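Engineer: First, the structure itself, so that you have it in front of you.
The values are calculated or read from the model by the stated rules, or taken from the named source; none is laboratory data. The shown structure was predicted, so the numbers you read here are calculated from the model rather than taken from an experiment. Using ideal geometry, Cβ is built from the backbone for each residue, glycine included, and neighbour counts are taken over all protein chains shown.
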Amino acid sequence: MAKLYVVGTPLGNLEDLSPRAARVLSEVAVVAAEDTRAAQRLFASFGIHTPAVSYFEGNEAARAAQLVERLRAGEDVALISEAGMPSLSDPGERLVAAAAAAGIAVEVVPGPSAAIAALVGSGLPSARFTFAGFLPREPERRRAELARLRNRPETLVLYESPNRLAATLADAAAVFGDERRACVARELTKLHEEFARASLGELARRYAESGARGEITLVIEGAGPEAEAPAIDLEKEIDKRLERGESAKEIAAALALATGKPKRLIYQLVIMRQR
């Protein structure tokens, strides 16, 4: 029977492609690649001549159905992302699920993972962790998600774009506290690899001033018992802030961070308390 291979590929250092991965990529009928140009560069370095077809977020549904048909017809297929392990914030989950549902064997060929590499290199506890992928781009939704994660005791691992890193660190410092330990892992396995280990407040200030480049993985220390957010009586807190002259918008933003509740709902409550 044909088989779907889920193959990990290097984050940057080509020496990280395992002999098993190179063999599988050479032997399958076709490789489904998130970025065919990156796949061809990788193949050229290892003398691999297997044809590659695109498999990315925009064509994932249609391409998954096509690939399952090829698997049904007896062709082995390999799945790779642009770098690292497929399905971890990259396309792949849909194809694996479709193949499994069709009774097709799925074999994982483990390889590099930015999330695991960053966690291990961060110096933070690694026995238990939560991988949260990419946070929402919209500031309000991002802060709400951070508030939801605030009291989790295990280490948090996130992906972030260099353009949003400073804003995310500032939001994380506001939600988790300036002193929560964290690590910005940048350009893993590449020439300019960096592990910046400090408090969230220090990292927020650093990257607000200097900016960041390259692929970013953010690791944040889990919450200790002292990090539990105290229960807040919203109505009393709103009344107190109104007496201080804070606007409804300011109150909603501050209490959304403090409680993890949607800012829109708090804003509506503030308006009601003003009447």
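Engineer: Testing Glu57 on (1) part of a loop (DSSP other than H, G, I, E, B); (2) more than 28 Å from the chain's Cα centre (by Cα), one condition comes back false. Which one is that?
Structural biologist: (2)
Engineer: Among the residues of segment 6-35, count how many are surrounded by fewer than 16 Cβ atoms within 10 Å (Cβ to Cβ) and within 22 Å of the chain's Cα centre (by Cα).
Structural biologist: 1
Every residue, every condition in (1) of a type in the set (Ser, Thr, Tyr); (2) on the phi > 0 side of the Ramachandran plot; (3) in a loop (DSSP other than H, G, I, E, B), yes or no:
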site	(1), (2), (3)
Asp90	no, no, yes
Ala99	no, no, no
Ile116	no, no, no
Gly133	no, yes, no
Ala166	no, no, no
Cys183	no, no, no
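Engineer: Name the residues in segment 209-237 that are part of a helix (DSSP H, G or I) and either out of contact with any helix residue (DSSP H, G or I) (no Cβ under 7 Å at 6 or more places or on another chain) or at pLDDT 95 or above (or both), would you?
Structural biologist: Going through segment 209-237, the residues part of a helix (DSSP H, G or I) turn out to be 209-210, 225-227, 234-237.
If the condition is that a residue be part of a helix (DSSP H, G or I) and either out of contact with any helix residue (DSSP H, G or I) (no Cβ under 7 Å at 6 or more places or on another chain) or at pLDDT 95 or above (or both), then Glu209, Ser210, Pro225, Glu226, Ala227, Lys236 are the ones that fit.
Yes or no, residue by residue, for (1) crowded, with 18+ Cβ neighbours inside 10 Å; (2) in contact with a strand residue (DSSP E or B) (Cβ under 6 Å, 6 or more places away or on another chain); (3) not polar (S, T, N, Q):
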site: Pro153; (1), (2), (3): no, no, yes
site: Ala166; (1), (2), (3): yes, no, yes
site: Cys183; (1), (2), (3): yes, yes, yes
site: Leu200; (1), (2), (3): yes, yes, yes
site: Ser247; (1), (2), (3): no, no, no
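Engineer: Another question about this same structure. Would you be able to say whether some residue in segment 106-114 is modelled with pLDDT of 95 or more, farther than 18 Å from Ala39 by Cβ, crowded, with 17+ Cβ neighbours inside 10 Å and of a type in the set (Val, Ile, Thr)?
Structural biologist: no
Engineer: If you don't mind, another one. What tally of residues in segment 60-77 results from selecting those that are under 26 Å from Thr217 (Cα atoms) and either assigned to a strand (DSSP E or B) or out of contact with any helix residue (DSSP H, G or I) (no Cβ under 7 Å at 6 or more places or on another chain) (or both)? Spell out the reasoning first.
Structural biologist: As a first pass, look at segment 60-77 and keep what is under 26 Å from Thr217 (Cα atoms): 60.
Of the ones still in play, those that are also either assigned to a strand (DSSP E or B) or out of contact with any helix residue (DSSP H, G or I) (no Cβ under 7 Å at 6 or more places or on another chain) (or both) are none.
Counting residues in segment 60-77 that are under 26 Å from Thr217 (Cα atoms) and either assigned to a strand (DSSP E or B) or out of contact with any helix residue (DSSP H, G or I) (no Cβ under 7 Å at 6 or more places or on another chain) (or both) gives 0.
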